[in-house]
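*Asks:* Please see the structure below; I have some questions.
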Amino acid sequence: MDFSLSAEHELIRESAHKFGQTEIVPDLRERDREARSDRATLEKMGDAGMLGISIPAKYGGSDTDYISLGIVCEELERADSTARVVMSVHSGLHSLTLMQWGTEEQKQRWLPSLATGKLIGAFALTEPNAGSDASNLKTTARKDGDSYVLNGQKTWISLADYADQFLVITRLTETQAKAPYAAFIVNRNTPGFSSRAIHGKLGVRAGNTGEIFFEDMRVPADCMIGEEGDGFKVAMSALDHGRYTVASGAVGIITACLDACVPYANDRTVQGEPIGKKQLVQQMIASMAQGREIGRLLYYKVGWMKNTGQRHTRECSMAKWTNCAAAFDAANKAVEIHGAYGFCDEFPVERYFRNSRGAMIYEGTHEIHTIMQAEYELGYRSDKPLARMLPTWPFS
Ligand code: CAA
């Protein structure tokens, strides 16, 4: 067993870290205060080659492995959750799912533009009454000639106002398939499409989240991903990729908490000594270091399973569940260590606290992952190999 990262991984970590600190952090406090998102961040990420990470060179990507995607997410979330959310939605949920399920023609049609950021992709599964109960979809697709006509509404969609295209999961009004679901790539410039931002979020305030609506929106049949009946499986496998990016990003929050707390604990003096000398503070720092180490091991393993073509739904859920809880715990402790300074945005830890709470809700709540882990252990949930997998790495 080899635990070392390659020189390429280290280089990717270094450049993602530099990008986060120079391009994201400088005006972040203002953007977060004003709840101001912009497309410029997406463009900068595209220019820096981040949106092509873990995409084969033949589709215009960087040809790097799947662990590289996790490392980029970790370093971006060390800067800010909103930048990592872009990777989760565009690269994880959208591009990788297209790589797993798309026909060769579909991959050639969309991946090169997605890999360079000329097209921004997003994912639309959740509805007002279909969150944890993801199959309770009301959005419908009706076959009409060589198109499908979509009607319905999706909510809590990251990049709702910025994405050029969405991977949308719908219910089919009529089908011979066993499961009545289908997945489509939907272009926002289609008549019948509209979006609306959600305001007043607790966290991820510098990021765009919204609702999208389909009103008699006609989508060509060749935009279907997979076959009729595959929609729910496409959604679940998308979550195998999205949850991986959330799990790796959560490690970045823990590191950011340590980045803030270690100098603070060394500088802040109480009763004549730095608070870092107090055992209760040491306990909190030690627990953050523990969360970071366990979190990395968990997500590196999932990255390796992706590289080697193994089903990783169970391991990915474990990583997302464990790391998001550890990140929220670290952020709570970071606020505690900063005392009253942790309660205002003079220091970044209050933002980590708010942002890390969100990750325990999206891409499967803490409770959903708890149930999944129990069901795997009890033998109630199947872990059988999947018929459709991501391409293994190295890409051929
Ligand atoms: N890949 C491919 N296929 C899969 C799969 C996967 N990872 N997981 C399951 N499937 C297949 C199964 O094999 C099964 O197929 P067969 O019938 O042919 O055997 C089928 O899908 C149904 O699977 P399950 O029986 O496991 O499905 P379930 O109904 O038990 O799932 C659940 C229950 C796990 C709780 C699921 O509903 C779930 O994950 N809910 C949470 C949804 C969620 O995470 N939403 C987040 C929205 S996205 C978001 O938040 C992003 C954002 O923008 C912020």
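The values are calculated or read from the model by the stated rules, or taken from the named source; none is laboratory data. Small disclaimer: the values here were computed from a predicted structure and weren't measured. Just so you know, the surface numbers come from the protein's heavy atoms only, side chains and all, with ligands and any DNA or RNA stripped out. Shrake-Rupley method; radii C 1.70, N 1.55, O 1.52, S 1.80 Å.
*Asks:* Over the chain, with a Gaussian network built from C-alpha contacts below 10 Å, which listed residue (Arg381, Arg13, Arg243) shows the highest mean-square fluctuation?
*Replies:* Maximum among the listed residues: Arg381.
*Asks:* Beyond a 19 Å Cα-Cα separation, which of these cross-linked pairs lie in this structure: Lys138/Lys384; Lys201/Lys333; Lys18/Lys44; Lys44/Lys301; Lys277/Lys333; Lys58/Lys118?
*Replies:* Listed pairs above 19 Å: Lys138/Lys384; Lys201/Lys333; Lys44/Lys301.
*Asks:* For the chain, what are the DSSP H helices with axial Cα length of 20 Å or more and mean Kyte-Doolittle hydropathy of at least -1.0?
*Replies:* 66-79, 231-267, 279-307, 313-338
*Asks:* Suppose all protein chains stay in the model; what accessible area per residue would a 1.4 Å probe give for the chain, in Å²?
*Replies:* Result: 44 Å² per residue.
*Asks:* Same structure, new question: Report, to the nearest whole %, how much of the accessible area of the chain belongs to carbon and sulfur atoms, 1.4 Å probe, protein only.
*Replies:* Here carbon and sulfur together make up 53 percent of the probe-accessible area.
*Asks:* Classify the chain: rounded, prolate or oblate, from the alpha-carbon gyration tensor (a ≥ b ≥ c, eigenvalue square roots; a/c under 1.5 rounded; otherwise prolate if a/b is larger than b/c)?
*Replies:* Since a/c reaches 1.5 and a/b is larger than b/c, the shape of the chain is classed as prolate.
*Asks:* Rounded to the nearest 500, what is the chain's calculated 222 nm mean residue ellipticity when only DSSP H runs of at least 4 contribute -39500 (n - 2.57) each, over all residues?
*Replies:* Per the formula, -15000 deg cm²/dmol.
*Asks:* Related question: Would you mind calculating the relative contact order of the chain from Cα pairs under 8 angstrom and at least 6 residues apart, reporting the percent as a whole number?
*Replies:* 17
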